[in-house]
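The values are calculated or read from the model by the stated rules, or taken from the named source; none is laboratory data. What you see is a predicted model; the values in this text were computed from it and never measured. Glycine also receives a Cβ, built like all others from the backbone with ideal geometry; neighbour counts cover every protein chain displayed.
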Amino acid sequence: MTTQHADAAVRDLYSRLLDAWNRRSADDFAGLFADDGTIIGFDGSVESGAARIRDHLSPIFADHPTAAYVATVREVRHLGSQDAVLLRALAGMLPPGSRELNPATNAHQTVVAERQGETWKITLFQNTPAQYHGRPHLVEQDTAELGELLTHGTPPR
């Protein structure tokens, strides 16, 4: 697999991850992870294994109207071989029924993915708050950048 094909495959994997979240599908979200994959949530919670990730998200989706992700990929980098890729993105969240992003939920998202045969799986998804303590202009900058995606008709993802 060429570098460009791997990059495209991991970008697609990330897009499907956000789509599964936006559709509130714990099964589809967890299904993108390797059997030993790990998620580190916005609040610092850690779950490992696709089944535990699904079990963690199912009640969240069932009991809470979750916001939709809007994101832009900042970097895709290979890690030592064509079979491991790191993707970094900036993400914001659009609360249900709102047309405005919530700056308090902006995050840097990191995906580490590995190729398993012909399929790419997530081994790590980390969602880190982008709060920039003491530097509110950076929060505003990120929110404006993500807001442009909404302005230009890019659906939340």
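Given the residues 41, 49, which is the only one that is under 22 Å from residue 146 (Cβ atoms), touching a strand residue (DSSP E or B) at 6+ places or on another chain (Cβ under 7 Å) and of a type in the set (Gly, Ala, Ser)? I'd like the intermediate steps shown before the answer.
Values: 49 fails: under 22 Å from residue 146 (Cβ atoms).
Being under 22 Å from residue 146 (Cβ atoms), touching a strand residue (DSSP E or B) at 6+ places or on another chain (Cβ under 7 Å) and of a type in the set (Gly, Ala, Ser) holds for just one of 41, 49, which is 41.
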Boolean, residue 146 is in contact with a Gly (Cβ under 8 Å, 6 or more places away or on another chain), part of a loop (DSSP other than H, G, I, E, B) and not aromatic (Phe, Trp, Tyr): no
Residue satisfying all of: in region 120-157; of a type in the set (Ser, Thr, Tyr) and modelled with pLDDT under 95; nearest to residue 16 (Cα to Cα) among these: 154
Top-ranked residue of region 29-56 - restricted to ones that are surrounded by fewer than 16 Cβ atoms within 10 Å (Cβ to Cβ) and closer than 18 Å to residue 68 by Cα, ranked as farthest from the chain's Cα centre (by Cα): 43
Checklist (1) of a type in the set (Gly, Ala, Ser); (2) over 25 Å from residue 144 (Cα atoms); (3) modelled with pLDDT under 95 applied to residue 98, failing item: (2)
Any hit, region 65-86, residues being in contact (Cβ under 8 Å) with a residue 24 or more places away in the chain, assigned to a loop (DSSP other than H, G, I, E, B), under 19 Å from residue 30 (Cβ atoms) and not small (Gly, Ala, Ser): yes
Subset tally (residues that are without any contact (Cβ under 8 Å) to a residue 40 or more places away in the chain, part of a helix (DSSP H, G or I) and of a type in the set (A, V, I, L, M, F, W, C)) for region 1-55: 8
